[in-house]
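Peer 1: Mind looking over this structure? Questions follow.
The values are calculated or read from the model by the stated rules, or taken from the named source; none is laboratory data. Remember, it's a predicted structure, so these values are computed and weren't measured experimentally. Here the Cβ is made from the backbone with ideal geometry for all residues, glycine too, and neighbour counts use every protein chain on show. Keep in mind that these areas ignore ligands, DNA and RNA; they rest on the heavy atoms of the full protein, side chains included. Shrake-Rupley method; radii C 1.70, N 1.55, O 1.52, S 1.80 Å.
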Amino acid sequence: MAETELVCANRECRIAQGGRCVEGHDELAKCLYYGKEPEGGDQDEGDDDQEATDPFDGVLLPDALPLDSRRADRVLASLPSRMIGVIGVHDSGKTSVIAGLFDLFQLGSVAHAMFAGSSTLHGLEKICHDARVASERDEPHSERTKRGEVRFYHFDVLRDGLLQSVLIADRSGEEYEEVADLTANATAMFELRRADVITVLVDGRRLASSRDRADVMGAIPLIIQGMVENGAFARKPNLAIVLTKDDAVQASPRKDQVQRDFLAIIDGIRDAFASHFGEFGSFVTSASPKNANVVRGAGLAEMLEFWMKPGAEPQGTRLRHSSGRVFDGLMFEEAKRG
Ligand SMILES: Nc1nc2c(ncn2[C@@H]2O[C@H](COP(=O)(O)OP(=O)(O)OP(=O)(O)O)[C@@H](O)[C@H]2O)c(=O)[nH]1
Ligand SMILES: [Mg+2]
């Protein structure tokens with residue numbers, strides 16, 4: 001006689017692998033999840049083969065690394081959220097801005113927002129590590145983001161009694177550079193299509209260099225132009241224009257010129273692309289300063305404040321996702337869920 005297949009709607013339950021009911025029922029008929037197929041068959045694709053041969057009978061925790069677009073989509077659907085696209089040429093400081101913001105949250109609330117959890121904690125810790133004293137590097141450092149698909153860093157914040165998710169896209173700067181000469185198709189860039197806020201980074205250290213200045217000033221409008229021509233900003237996101245590495249600017253004899261150049265870049269973008277964006281904001285930041293003349297994370301709180309402003313277009317309807325775990329029901333007592 002064929003054996004009955006043990007199935008459970010709770011993905012964390014290992015009853016099918018000879019374990020116990022994760023809900024603690026000896027009488028399986030009393031378990032709400034036993035005997036039902038798990039929802040969302042595409043979740044954790046690729047795990048099934050491994051589980052069939054894996055004798056591990058504990059609870060598998062997520063890797064907490066940056067999310068791909070599909071998993072980012074799920075986060076967007078589960079809470080009111082802000083999707084942030086961070087655009088800049090290679091080395092302009094995109095990953096450092098994300099890491100710097102996460103480090104600020106370790107010190108307390110930022111822009112009236114309190115850190116309330118993250119599904120990408122390991123990823124955030126990884127990008128922060130090399131910039132910290134604990135890494136024992138002589139200088140803060142950031143690994144170059146590898147070419148490939150966009151990845152998203154995620155954290156939840158509690159702000160004005162409302163729990164919200166923030167998803168920040170990180171992609172290799174080279175891929176954004178390719179949009180300028182139209183070798184890459186910006187419509188395929190999920191983070192631009194879905195963004196509530198586009199954040200364009202201007203590398204202050206290179207702007208202060210007489211050799212690189214013209215290149216910096218020319219590259220940004222070309223990248224935005226390439227994206228606009230591809231119709232990448234269909235949702236009319238807000239636009240933050242951010243000068244990075246202000247510590248290098250402040251240490252430079254050309255700092256007044258840099259300030260004038262940054263204002264010229266802002267005016268140029270506003271004149272050329274105003275109709276494609278909602279609100280404009282500009283910020284001067286030092287996410288990972290090498291000079292002690294500027295505090296680490298300067299300017300990032302103001303940038304976060306702008307990121308959290310409600311955009312012109314409302315987000316889609318929120319779905320209630322539940323894996324069946326008791327933790328899904330937990331929330332801050334005073335927090336409203338949208
Ligand atoms: N002086 C100074 N250097 C910084 C600052 N922020 C980042 N950097 C440095 O700038 C370099 C590039 O930073 P990343 O954050 O990796 O730049 P990115 O835009 O993510 O680069 P790609 O991943 O290659 O596209 C690293 O060496 C950082 O340490 C800052 O505030 N001040
Ligand atoms: Mg990077």
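Peer 1: Which numbered condition in (1) more than 22 Å from D246 (Cα to Cα); (2) open to solvent by less than 30 Å² (accessible area, probe 1.4 Å); (3) more than 16 Å from ligand 1 (Cβ to nearest atom) is the only one that D160 fails?
Peer 2: Just one mismatch for D160, condition (2).
Peer 1: Of all residues being in a loop (DSSP other than H, G, I, E, B) and out of contact with any helix residue (DSSP H, G or I) (no Cβ under 6 Å at 6 or more places or on another chain) in the stretch 271-304, which is farthest from K236 (Cα to Cα)? Just the residue, please.
Peer 2: In this case the residue turns out to be A292.
Peer 1: Look through V202, V284, V295, V249 and report the one residue that is open to solvent by less than 60 Å² (accessible area, probe 1.4 Å) and either within 11 Å of ligand 1 (Cβ to nearest atom) or among the polar types (S, T, N, Q) (or both). Reasoning before the result, please.
Peer 2: Working: V202 fails: either within 11 Å of ligand 1 (Cβ to nearest atom) or among the polar types (S, T, N, Q) (or both); V284 fails: open to solvent by less than 60 Å² (accessible area, probe 1.4 Å); V295 fails: open to solvent by less than 60 Å² (accessible area, probe 1.4 Å).
Being open to solvent by less than 60 Å² (accessible area, probe 1.4 Å) and either within 11 Å of ligand 1 (Cβ to nearest atom) or among the polar types (S, T, N, Q) (or both) holds for just one of V202, V284, V295, V249, which is V249.
Peer 1: Answer yes if at least one residue in the stretch 113-135 is more than 16 Å from ligand 2 (Cβ to nearest atom), at pLDDT 95 or above and either within 21 Å of A240 (Cα to Cα) or in a helix (DSSP H, G or I) (or both), and no otherwise.
Peer 2: The answer is yes, given that some residue of the stretch 113-135 is more than 16 Å from ligand 2 (Cβ to nearest atom), at pLDDT 95 or above and either within 21 Å of A240 (Cα to Cα) or in a helix (DSSP H, G or I) (or both).
Peer 1: While we're on this one: Which condition does L107 not pass, out of (1) modelled with pLDDT under 90; (2) in a loop (DSSP other than H, G, I, E, B), if it passes all the others?
Peer 2: (1)
Peer 1: Filter the stretch 72-97 for residues that are in a helix (DSSP H, G or I), within 27 Å of A234 (Cα to Cα) and at pLDDT 90 or above and give the result.
Peer 2: A72, K94, T95, V97
Peer 1: Picking from E178, E149, E143, which residue would you name as being within 18 Å of S96 (Cβ to Cβ) and of a type outside the set (S, T, Y)?
Peer 2: After ruling out the rest, the residue left standing is E143.
Peer 1: Next up: Do you know which residues across the stretch 6-37 are surrounded by fewer than 13 Cβ atoms within 10 Å (Cβ to Cβ), assigned to a loop (DSSP other than H, G, I, E, B) and among the hydrophobic types (A, V, I, L, M, F, W, C)?
Peer 2: Selection gives L32 alone.
Peer 1: Would you mind stating whether L158 is touching a residue at least 60 places away in the same chain (Cβ under 8 Å), aliphatic (A, V, I, L, M) and not in a helix (DSSP H, G or I)?
Peer 2: Against the criterion (touching a residue at least 60 places away in the same chain (Cβ under 8 Å), aliphatic (A, V, I, L, M) and not in a helix (DSSP H, G or I)), L158 qualifies.
Peer 1: Here's something else I'd like to know. Where in the stretch 162-270 are the helices (runs of 4 or more DSSP H), entirely inside, with at least 3 residues that are under 22 Å from L300 (Cα atoms) and at pLDDT 95 or above?
Peer 2: 204-207, 246-250
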